[in-house]
Amino acid sequence: MTEPALPAGPAPAPSSGPHRDDEGAGRFAPSPSGDLHLGNLRTALLAWLFARTTGRRFLLRVEDLDRVRPGAEDRQLADLRSLGLDWDGPVSRQSQRRAGYDEAIDRLDAAGLVYECFCTRKEILRAPSAPHAPDGAYPGTCRDLTAAERTERRAVRSDPALRLRAGAAGFTVTDVLHGEYTGMVDDLVLRRGDGTPAYNLAVVVDDAAQGIDQVVRGDDLLSSAPRQAYLATLLGLPVPEYAHVPLALGPQGKRLAKRDGAVTLADLADASGTAATPEATAAWALSTIAVSLRLAEPGEPVAVEMLRDRFSPAALPLEPWVYPPA
Ligand code: GLU
């Protein structure tokens, strides 16, 4: 399932973060759409542990291409620091890296791998799926429009999205926790109609430009890894090592969220009354997370350095973490 890479383009644009070196790097890449909850903090801790126990740098990247809530980034960074997590170099922000995304799209376009898509979300849902296409794959409606059809559609919709003309329906990645994982690849969106670079493109361009060779994140993104790895391969970029870690679930068995009550540090501090200082809340959260990862005993004082000394990926619980515990 290997794809020939495009002719080598310019070297990936250097990020605003630390320069690329041979150490490799891991990262945490939150979207600043609100406060981090315990599940996000657990994923951040795991990303830090994976990086720090394998001699890698650890980078923080704010994925602020959309879903930005004012003040959220500052609070997210403060919460990460309050747990004792540190990172190397300045925080990078996707909103400042558009040139790298444009350059990647231009390179794909020059190779004939980009087309305009005029479909609305509704049209995609209603369209019959293409033969042999996996569920949820883009049905290919706009893939082979003639020039005349494109002109006609542009008159109705002047802001088409850009899609990748994918040459594979699936791709296999290797995950430290899940082993070989094969997932769907389709004609994914590269740039949305409003001009925003798509997450799948931005993540691939940034991970390579920042020298990130280890991607640790929630396992809700495992199914996105094959299309990201495929895109990286097309662009001639290295595919990182993946570790998709179990998510935190709320009492209803759905992904932990604000609706589940006090799940952010700020809400936990409020919920526990005036006695709880931010430091005490952070210490409680770190200890709760460490116990959930079987890296500490309940009641044991915890610090991230000690967790680093105890961490072993092979001993990581693979089932989701239910919070609050029943
Ligand atoms: N920004 C994404 C999120 O907060 C994570 C993307 C990634 O780690 O690749 O869900």
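The values are calculated or read from the model by the stated rules, or taken from the named source; none is laboratory data. Please read these numbers as outputs of a predicted model, since none were measured by experiment. Every residue, glycine as well, gets a Cβ built from its backbone with ideal geometry; the counts of neighbours run over all protein chains shown.
A compact table of results
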| item | result |
| --- | --- |
| Residue count, region 19-64 (criterion: within 15 Å of the ligand (Cβ to nearest atom), of a type in the set (S, T, N, Q) and under 25 Å from Ala314 (Cβ atoms)) | 2 |
| First in region 63-82 and within 23 Å of Val304 (Cβ to Cβ), second anywhere and in a helix (DSSP H, G or I) and more than 12 Å from the ligand (Cβ to nearest atom), Cβ under 7 Å, 6 or more apart | Asp79/Leu41; Asp79/Leu265; Ser82/Leu265; Ser82/Pro278; Ser82/Ala282 |
| Checklist (1) in contact with a helix residue (DSSP H, G or I) (Cβ under 8 Å, 6 or more places away or on another chain); (2) within 30 Å of Leu247 (Cα to Cα) applied to Thr141, failing item | (2) |
| Single residue of Leu268, Leu286 found to be touching a Ser or Thr at 6+ places or on another chain (Cβ under 8 Å), touching a residue at least 12 places away in the same chain (Cβ under 8 Å) and assigned to a helix (DSSP H, G or I) | Leu268 |
| Residue list for region 230-239, filter: crowded, with 24+ Cβ neighbours inside 10 Å and either among the small types (Gly, Ala, Ser) or within 14 Å of the ligand (Cβ to nearest atom) (or both) | Leu231 |
| Leading residue by the ranking (farthest from Leu249 (Cα to Cα)) among those in region 286-302 that are surrounded by 15 or more Cβ atoms within 10 Å (Cβ to Cβ) and among the small types (Gly, Ala, Ser) | Ala296 |
| Failed criterion for Pro128 (all others in (1) buried (at least 21 other Cβ atoms within 10 Å of the Cβ); (2) at pLDDT below 95 hold) | (1) |
| Members of region 43-63 that are polar (S, T, N, Q) and over 22 Å from Arg255 (Cβ atoms) | Thr53, Thr54 |
| Failed item, numbered, when Pro32 is tested on (1) touching a helix residue (DSSP H, G or I) at 6+ places or on another chain (Cβ under 8 Å); (2) within 28 Å of Arg310 (Cα to Cα) | (2) |
| Single residue of region 208-225 satisfying the filter (assigned to a helix (DSSP H, G or I) and surrounded by 21 or more Cβ atoms within 10 Å (Cβ to Cβ)) that is nearest to the ligand (Cβ to nearest atom) | Ala225 |
| Members of region 236-265 found to be in contact (Cβ under 8 Å) with a residue 40 or more places away in the chain and of a type in the set (A, V, I, L, M), listed by number | Leu237, Val239, Ala243, Val245, Leu247, Ala248, Leu249, Leu256, Ala257, Val263, Leu265 |
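Table: residues versus (1) over 30 Å from Leu145 (Cα atoms); (2) at pLDDT below 95; (3) buried (at least 20 other Cβ atoms within 10 Å of the Cβ).
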residue: Arg42; (1), (2), (3): yes, no, yes
residue: Trp48; (1), (2), (3): yes, no, yes
residue: Arg61; (1), (2), (3): yes, no, yes
residue: Asp79; (1), (2), (3): yes, no, yes
residue: Val91; (1), (2), (3): yes, no, no
residue: Arg97; (1), (2), (3): yes, no, yes
residue: Leu108; (1), (2), (3): no, no, yes
residue: Leu113; (1), (2), (3): no, no, yes
